[in-house]
Structure formats: structure tokens, C-alpha cells
Amino acid sequence: MVKRLVIKIVVIAVVAIFVFSTGFWLGINFYSIKEFATQTNANSIFEVTSDITNDNKTSNAFSLKPLEETINLISQRALNEISKQELLVNAIEGVIGTLDDKYADYFTEEEYAQIMESYSGTMSGIGVVITLDDRDRVLIVKVIENTPADEVGLKEQDIITEVEGNPIQGLALEEIVSKIKGEEGTSVNITVKRPSEDKTFKVDITRQRFYVPNLFAEMLENDIGYVQYIGFQEGGAEKLEEEVDSLVENGAKGLILDLRNNLGGILDDAVGASDLFLDDGIVVIVKGRVGEELKTTTYRAKKGGYTEMPLVVLVNGFSASAAELLAGALQENGRATIVGEVSFGKGTVQTIQELSNGAGLKFTTAKYYLPSDRSIEGIGIKPDIEVELDMESEEDLQLEKAKEVINSMASD
């Protein structure tokens, strides 16, 4: 059985969009505090304002002034020299560390810019989707066709161990991505271990700019439409609708939606994709906090275009967050048969917010629940028909079962 991986993904184009680390980013929300930020004075390292004053030292009002004073004093007088910027980053990471949130992270300005670039659908890099496995190794889960990685022969299940001769195990996935991604036309040297052939090799790859597809579609035998949905990104549901339209026009009598190895993405895209196959009913319930109040948002399906077509959804232990939302919505609304293995089990939503200096924060802001008001956190989606993938078999047993189910539906 395929082992479940830590749900941190990045379309490295090096990819992440499918970021991606968004596991949620399931429904990454973009919100900038720049509109609230303004430089307090020329010497301040903070760019936030407050109507709070420190004239009264006994005041109980909250103020950032003590933190600023601490950073200024240490940077100027501590025996061990350290810059204000490094102290500030350490302070931010310390705050994040208090959240007990394994998905929380701080991104430098460069890392944040790369993440935002990934949502444009094009990027400069080598063309692989990576994640961290349960041994904290950097595993390639997808090689995008016609990219530099594909041209040099990298394969799924290859493990990247070094970048430019430096070991990368133990680093944050976003940091690894930033080391592999780069300007178009530049090169990067990576060390790759290929367990299937018991060999390790180095390869120089020239980065290129390319379109990062979020799906692949084809017609299988017996007029079965097949769509492999890689990740949920802006405009993804519209592309899915176009591909399904094309498959139907070419005679598809049923559809297999393959969400295996789909590590998540944008909430709105998952809701939009669900809408294509539902006429009504609840898609997902999101519960979070706004200020001091708890807020529940219920997403309901609008009238879809393909509500009668026989539909099978494939999932495995790599299917996570937004992929689980879609599979769970279709399953609980009685719209699709789920085939494969129990999914990852990620039921939280992260938000990424831009800071005034161009850096970014990611942290958990909500939980999502299936239409039955059930959380899949740590549980996953249980398939209607469980089929374990035999890694030693040349036949895709899960896909074959999906075909069998579609044929049975179509003949009823």
C-alpha cells in the first residue's frame, strides 16, 4: 500500500502550486495587511501603527514597543552580533511557534513571491511536483511532460537528496523549492536517488518557463472519459468543465475523475468543481474565527451541467484537503462512487497573508466539514470500493475497477 505522506506540497516548477504546502492552502485566502501598515518613523523596523502610546508605563494596553526596543538593544549591544532583520524573523517564527499549528509557516519575500507566481499557471523551474514522505525525504510525485525534468529523465518516486551539493533533508519544503526554482535559463545541479534501480546520480538541469497544467484528460476504451486532476488552482474548475465538455462531445458515456496524488489547493476551485456535478445540496461547511466570533459558512451547490453522467472518483493516501473535500461532497450527496484507498485526512483550512515588507504568513484559520457536518481530519475519505494499488503490478488495478464500475453504471 502506498504510504501516506506529510501533506506539504509545492509545485516546484519546481512546482507547489498545488502549494500547495496550500495542504489546504485548501482555500487559501489572500489578504494583505499593507493597507493597514505605514511606517511609524524612519528608524523603526516595524511598519505597523497603533493608537496606543507608551507614555503611561503602567498602561495595560497592548503595544509592540517593548519588542521593538528589545530588537534594537540586542542588535546594538549584544556580544553576539545579529541583524535587526534576523531578530525580527526569529521573533515572528517564535510567535508562529506558539500556535501549535503544524501547517503554520513564515515565508521570506522571495518565497512569498514564488508562491504567488505559482498561482498564475506559469513558472520558471524544472517541472516536478514534490512532497515530503514519512521519513522527511523529498519525493517526486509528478514529472510534468515537456519540462526540463522530463527531458533529463527524472521519474516519479525519485528522491532529491541534494541541491548544488548541499543536503536538503530536514529543510522546510518551501525553502527547498526556493533552492530549485530560479530564473529562466539558469541551471541547477541536483542529486537524485532512484530506489527502483538502487542508484544515485547527479544531473544539471536548465530552468525554463512553462505552463503548469492542473489536469490531463483523455478518452479511454468503451467511451469512458478520464480526467486526472492534479491540483486545485484559480480557474481550475473552468478548465475542468471545458475538458468534460470536450469528452462528452466526443461520446463519453461516463467519467472517471482521478484525484490520486492530488494534494489539494484552493477552496473555491474545489467548490466550483463539485458544482459541475451537483444540482443542489451542501458542498462543504467551513467553521473559523473572525475576531472574537466564530463564523460558519455553508457552501451550497448551484445547478451543475453534468448531474446525470455516471461518475467514479479515484482517491489514495496522497489525496488530501481540497481533493478530499470534492470526493466527500460527491460521495455524501450520492453523486459519485469512490474507488481506491483511504485518503490522507486533512480537514483544516490555511490562510496566507502578505506582510508589509513583502513576506508572508501561513496559518490555520478554519476547519472544514463534509455535508453531513463530519470532519475528516485524521480520518480521511473511505472509498465505497476499496482497491489497494499493487506497486509491483504493471496493471493499474484501481483504474481498472473504476472502468468496471463505469461500464456497469452505463449499462443499467
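The values are calculated or read from the model by the stated rules, or taken from the named source; none is laboratory data. Predicted, not measured: the structure shown is a model, and the values here were computed from it. Heads up, the Cβs are rebuilt from the backbone with ideal geometry, glycines too, and the neighbour counts pull from every protein chain shown.
Assorted remarks:
- N189 being among the polar types (S, T, N, Q) and either outside the structural domain of K253 (by TED's automatic domain parsing) or within 22 Å of the chain's Cα centre (by Cα) (or both): yes
- Only one entry of L276, L259, L240, L263 meets the criterion of being more than 19 Å from the chain's Cα centre (by Cα) and either in the same structural domain as G317 (by TED's automatic domain parsing) or aromatic (F, W, Y) (or both), and that entry is L276.
- Any chance K181 is farther than 30 Å from G334 by Cβ and at pLDDT below 95: yes
- Qualifying position, being touching a Leu at 6+ places or on another chain (Cβ under 8 Å) and either assigned to a helix (DSSP H, G or I) or of a type in the set (G, A, S) (or both), among S178, S75: S75
- Failed condition for E174, given (1) within 18 Å of the chain's Cα centre (by Cα); (2) among the charged types (D, E, K, R); (3) surrounded by fewer than 18 Cβ atoms within 10 Å (Cβ to Cβ): (3)
- Which listed residue is surrounded by 14 or more Cβ atoms within 10 Å (Cβ to Cβ), touching a helix residue (DSSP H, G or I) at 6+ places or on another chain (Cβ under 9 Å) and within 17 Å of L263 (Cα to Cα), from V129, V143: V143
- Residue that is over 18 Å from N261 (Cα atoms) and among the β-branched types (V, I, T), where the choices are I338, I379, I352: I352
- Filter result (in a loop (DSSP other than H, G, I, E, B) and either among the polar types (S, T, N, Q) or not assigned by TED's automatic domain parsing to the domain that holds E400 (or both)) within the stretch 304-331: T307, N316, S319, S321
- Restricting the stretch 129-142 to residues that are among the aliphatic types (A, V, I, L, M) and at pLDDT 90 or above, the residue that is farthest from G170 (Cα to Cα): I140
- Per the conditions (1) surrounded by 22 or more Cβ atoms within 10 Å (Cβ to Cβ); (2) assigned to a strand (DSSP E or B); (3) of a type in the set (F, W, Y), the sole criterion not satisfied by F363 is (1).
- Residue within the stretch 284-303 that is part of a loop (DSSP other than H, G, I, E, B) and surrounded by 19 or more Cβ atoms within 10 Å (Cβ to Cβ) present: yes
- Lone qualifier among A78, A104 - being of a type in the set (A, V, I, L, M, F, W, C), closer than 22 Å to I266 by Cα and not assigned by TED's automatic domain parsing to the domain that holds K199: A104
- Among residues of the stretch 184-231, those that are assigned to a helix (DSSP H, G or I) and more than 30 Å from N407 (Cα to Cα), counted: 3
- Test: residue in the stretch 49-72 that is under 30 Å from G317 (Cβ atoms), at pLDDT 90 or above and among the acidic types (D, E): no
- I45 vs. criteria at pLDDT below 50, outside the structural domain of E174 (by TED's automatic domain parsing) and surrounded by 14 or more Cβ atoms within 10 Å (Cβ to Cβ): yes
- Breaking point among (1) buried (at least 17 other Cβ atoms within 10 Å of the Cβ); (2) assigned to a loop (DSSP other than H, G, I, E, B), for G334: (1)
- Against the test of being β-branched (V, I, T) and part of a loop (DSSP other than H, G, I, E, B), the options I92, I115, I82, I96 yield a single qualifying residue, I82.
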